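The values are calculated or read from the model by the stated rules, or taken from the named source; none is laboratory data. What you are looking at is a predicted structure, and each value in this text was computed from that prediction instead of being measured. Backbone-built Cβ (ideal geometry, glycine too); neighbour counts: all protein chains shown.
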Amino acid sequence: MKLSNQRLERLAATDPLTGAGNRRHFIEHIGAEIARAKRTGAPLSLLSLDLDHFKDTNDSRGHSVGDEVLRVFVRKCLEAIRPYESVARVGGEEFMVLLPGATLDAAGAVAERLRSAIERTAFDVGAEPSVGVTISVGVSEFRRDGDTLDGFVNVADQRLYRAKFEGRNRVVVA
C-alpha cells in the first residue's frame, strides 16, 4: 500500500512524456524553496527555458520526433544540473530549472553551460538528418526583500522573452 501511494505521488508530480516535474509539482516545490531562502538567507535562482522554433520541428518532422526531442532535452538538462536542483515542464516546450543555493551569476553560468551543451548536441531521434536544437533562457534570482513567487517567475519569463526577441539561442541574465 505504501509503495502504491509513493508511486501515485510520483506519477502525479511528473510530466508523463519527459519525466520532468510537472507544473503543479513545480509550483509547490518553488514555494517551499522560497520559504527556505527567506528563512536561511541562501540564494535561489530560476531558469526559464524554451526550445527555439520547436513548432517547426513538430510540423516538419512529426510529433513523434518532437516528443523524442523533448525527452532527450530533459535528459541533457538533468545531466547539467546537481541532484538537488530540479527541472519542470511548465508548457509544451517550456521548462523551468530551479537552482537552490545559486546566485544570479552562478545561475547565468549554469544557463550558458546548458545552452551551449544543447546547441552542440545532435539530437539523433530516429529522424534523418538529426535534429538541431537551440534554447533561449531567462535567469532570475529571488530577492528576499519583497519578491513574490509570481514576481520571481515573471522576471525569468521576461528575460526569456528578451532572449527570444534578441535572436534566440541566448541567455539573458539582466
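Residues checked against (1) closer than 24 Å to residue 27 by Cβ; (2) of a type outside the set (Gly, Ala, Ser); (3) under 15 Å from the mean Cα position of the chain (by Cα):
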site: 87; (1), (2), (3): yes, yes, yes
site: 99; (1), (2), (3): yes, yes, yes
site: 106; (1), (2), (3): yes, no, no
site: 114; (1), (2), (3): yes, yes, yes
site: 118; (1), (2), (3): no, yes, yes
site: 121; (1), (2), (3): no, yes, no
site: 129; (1), (2), (3): no, yes, no
site: 133; (1), (2), (3): no, yes, yes
site: 140; (1), (2), (3): yes, no, yes
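If you check every pair at least six apart or on different chains, which have Cβ atoms under 7 Å apart with a residue in segment 114-133 that is under 20 Å from residue 78 (Cβ atoms) and in contact (Cβ under 8 Å) with a residue 40 or more places away in the chain first and a residue that is surrounded by 12 or more Cβ atoms within 10 Å (Cβ to Cβ) and basic (Lys, Arg) second?
Short answer, once both residue conditions are applied: 117/76; 118/76; 121/76; 131/61.
So is residue 165 surrounded by 18 or more Cβ atoms within 10 Å (Cβ to Cβ), over 14 Å from the mean Cα position of the chain (by Cα), modelled with pLDDT of 95 or more and over 13 Å from residue 48 (Cβ atoms) or not?
On the way: surrounded by 18 or more Cβ atoms within 10 Å (Cβ to Cβ): no; over 14 Å from the mean Cα position of the chain (by Cα): yes; modelled with pLDDT of 95 or more: yes; over 13 Å from residue 48 (Cβ atoms): yes.
No.
List pairs: first residue in segment 146-174 and over 18 Å from residue 117 (Cα atoms), second residue of a type outside the set (D, E, K, R) and in a loop (DSSP other than H, G, I, E, B) anywhere in the structure, Cβ distance under 6 angstrom, at least six positions apart or on different chains.
152/142
Identify the single condition in (1) surrounded by 15 or more Cβ atoms within 10 Å (Cβ to Cβ); (2) under 28 Å from residue 24 (Cβ atoms); (3) touching a strand residue (DSSP E or B) at 6+ places or on another chain (Cβ under 7 Å) that residue 170 does not satisfy, given that it satisfies every other one.
(2)
On the given criteria, is residue 76 within 19 Å of residue 170 (Cβ to Cβ), modelled with pLDDT under 95 and either of a type in the set (D, E, K, R) or not in a loop (DSSP other than H, G, I, E, B) (or both)? Talk me through it step by step, then tell me what you get.
Working: within 19 Å of residue 170 (Cβ to Cβ): yes; modelled with pLDDT under 95: yes; either of a type in the set (D, E, K, R) or not in a loop (DSSP other than H, G, I, E, B) (or both): yes.
Answer is yes for this residue.
What's the total number of residues in segment 1-56 that are of a type in the set (Lys, Arg) and at pLDDT below 90?
Kept after step one, since they are of a type in the set (Lys, Arg), are these residues of segment 1-56: 2, 7, 10, 23-24, 36, 38-39, 55.
Add one more test, that the residue is at pLDDT below 90, and what stays is 2, 7, 10.
Summing the residues that are of a type in the set (Lys, Arg) and at pLDDT below 90 in segment 1-56 gives 3.
Would you point out the residue of segment 79-137, among those that are over 20 Å from residue 32 (Cβ atoms), among the hydroxyl-bearing types (Ser, Thr, Tyr) and in contact with a strand residue (DSSP E or B) (Cβ under 6 Å, 6 or more places away or on another chain), that is surrounded by the fewest Cβ atoms within 10 Å (Cβ to Cβ)?
Filtering first and then ranking leaves 130.
Condition check ((1) in contact with a helix residue (DSSP H, G or I) (Cβ under 9 Å, 6 or more places away or on another chain); (2) in a loop (DSSP other than H, G, I, E, B)) across all residues:
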residue: 110; (1), (2): yes, no
residue: 136; (1), (2): yes, no
residue: 143; (1), (2): yes, yes
residue: 159; (1), (2): no, no
residue: 164; (1), (2): no, no
residue: 169; (1), (2): yes, yes
